[in-house]
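Heads up: the structure comes next, in structure tokens.
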Amino acid sequence: MTSPIPGLITWPVLTGMTLVLAGRWWLLRDGIVDRLINRALAAALFENLLQEAWFEQSLAWLLPGDDSDVVNIAGQLSLGAAVLTISNIYGIAKLWAGADPAHTWRRQRRYYLVTITATAVILIAGTPARRADQLIDQTLGWPAVVVWVAFSLPLGATALLIGRVCVREMRTGGDSTWQERALYTVSLCNTVGLGFVAVVDPLETAISVMTGQPSFDPEMHWKAWSGFFLSAVGAPAAVTVPLISTLLTHIGWDRTGRYCRRLRPMWADLTAAVPEIVLEMRRDHNGRTDPAIRLHRMTVEIRDSLLHLKRYSDSPDDLAATGGDPHTYARRIAEAIATKAAGHPPTATRFTPRHQVLPGARDLTAELRQLLALAKAWPHVRIPTTSP
């Protein structure tokens with residue numbers, strides 16, 4: 001089935017799918033769900049490529065046999081690729097519904113077996129259409145009913161499962177993030193469309209066969225547009241939300257990353273003055289550090305360095321005491337760094353334990369706001385005070 005959708009639409013969408021898939025293989029490929037999503041996206045991309053005229057012509061040039069046979073087989077295989085996409089989405093939905101992640105790939109092998117079976121049925125039942133060099137709905141007959149039943153059963157099962165899970169999560173997810181709410185909404189919209197396709201396609205074909213009437217859409221334009229929207233627009237839109245969040249985190253444009261960047265100049269000066277308080281940062285196998293861990297570590301190391309530098313300050317108060325002008329405290333910190341760098345001995349005879357300086361429970365949010373205020377004031381005091 002060659003897609004009737006204009007290239008002006010398909011090219012940008014398929015390019016976007018390719019970029020999303022590449023981004024996910026780069027940033028989101030370690031978890032079980034991420035791997036299933038990537039497989040589903042790859043199958044959806046292959047499904048749409050199999051319907052593109054230039055891709056079908058390329059296959060006809062590369063593969064042996066009659067060109068029309070190759071093109072027709074490619075069109076029917078696109079239905080199998082759609083079922084492959086659905087099988088991966090079903091695996092995700094099962095995990096979402098509470099299935100044991102330890103048995104994911106055992107379950108997935110069964111779903112792939114269903115995919116192979118459905119594809120084989122589609123190809124066998126689609127033989128009359130291929131021999132006539134026609135689309136399935138042009139040839140019609142009971143073989144066409146078998147094709148759409150084999151195609152629609154996995155879609156219907158997946159739509160029911162995802163719909164049930166989405167409704168459950170939307171009812172109980174009072175503390176959901178905006179990303180999760182967006183994912184639930186997009187998934188539910190896709191589920192409605194998926195369920196509609198699963199019911200209408202075989203039903204409309206069966207009615208046409210029983211009444212002896214031609215197909216409502218013999219050129220299969222409606223099926224092409226609905227499948228394109230679900231596989232190339234709706235599904236990538238759902239997985240783009242976490243990809244954008246992950247990408248922002250990776251490049252440091254998320255809120256935690258912005259906090260780290262604002263603290264880094266002051267943190268660098270403080271840890272250079274008191275290098276002994278810096279601990280080795282644990283990284284993942286890609287050499288990256290979780291931004292939340294990095295922010296927590298920077299906050300701890302700034303506080304520890306301020307406790308050390310307090311011994312070089314003439315002020316009896318904490319160098320970063322709450323309240324007051326941040327510029328005053330920033331200047332006091334810079335003076336302590338300069339005193340230590342000049343080789344002057346500490347005024348305190350022994351180190352003051354941290355729990356005596358900050359007794360009781362700590363408000364981490366307020367502490368972060370305080371340090372960010374100091375970091376904002378830091379550039380105005382560090383150069384004239386700390387320069388040799």
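The values are calculated or read from the model by the stated rules, or taken from the named source; none is laboratory data. It should be emphasised that the depicted structure is a prediction, and the values quoted were computed from it without experimental measurement. We place every Cβ from the backbone using ideal geometry, glycine too, and count neighbours over all the protein chains shown.
Put simply, of ALA102, ALA97 the only residue that is loosely packed, with under 14 Cβ neighbours inside 10 Å and free of Cβ contacts under 8 Å to residues at least 60 places away in the same chain is ALA102. Going by what's in this entry, would ALA43 be described as assigned by TED's automatic domain parsing to the domain that holds THR191, crowded, with 20+ Cβ neighbours inside 10 Å and modelled with pLDDT of 90 or more? Answer is yes for this residue. Within the range 108-134, the set of residues being crowded, with 17+ Cβ neighbours inside 10 Å and basic (Lys, Arg) comprises ARG130 only. The lone criterion from (1) surrounded by fewer than 18 Cβ atoms within 10 Å (Cβ to Cβ); (2) within 23 Å of the chain's Cα centre (by Cα) left unmet by GLY91 is number (1). Scan the range 203-220 residue by residue and report those that are farther than 21 Å from GLY156 by Cβ and loosely packed, with under 15 Cβ neighbours inside 10 Å. Listed by number, the residues that qualify are THR211, GLY212, GLN213, PRO214, GLU219. PRO275 meets all of the listed conditions (1) farther than 17 Å from LEU371 by Cβ; (2) within 35 Å of the chain's Cα centre (by Cα); (3) at pLDDT 85 or above but one, namely (2). Considering (1) of a type in the set (S, T, N, Q); (2) out of contact with any Lys or Arg (no Cβ under 8 Å at 6 or more places or on another chain); (3) assigned by TED's automatic domain parsing to the domain that holds PRO202, the lone condition that ASN72 does not fulfil carries the number (2). Please enumerate the residues belonging to the range 46-58 that are assigned to a helix (DSSP H, G or I), free of Cβ contacts under 8 Å to residues at least 60 places away in the same chain and within 32 Å of the chain's Cα centre (by Cα). Correct list: PHE46, LEU49, ALA53, TRP54, PHE55, GLU56. No other residue among ASP30, ASP34 is of a type in the set (D, E, K, R), assigned by TED's automatic domain parsing to the domain that holds GLN134, over 18 Å from ALA82 (Cα atoms) and surrounded by 14 or more Cβ atoms within 10 Å (Cβ to Cβ) apart from ASP34. I'd like to know if the range 132-144 contains one or more residues that are assigned to a helix (DSSP H, G or I) and more than 30 Å from GLY212 (Cβ to Cβ). No; the residues of the range 132-144 include none that is assigned to a helix (DSSP H, G or I) and more than 30 Å from GLY212 (Cβ to Cβ).
Within the range 136-149, track down each residue that is buried (at least 23 other Cβ atoms within 10 Å of the Cβ) and in contact (Cβ under 8 Å) with a residue 60 or more places away in the chain. Walk me through how you get there before you give the answer.
Filtering the range 136-149 for residues buried (at least 23 other Cβ atoms within 10 Å of the Cβ) gives 136-137, 144, 147-148.
Answer for the range 136-149, where residues must be buried (at least 23 other Cβ atoms within 10 Å of the Cβ) and in contact (Cβ under 8 Å) with a residue 60 or more places away in the chain: ILE136, ASP137, ALA144, VAL147.
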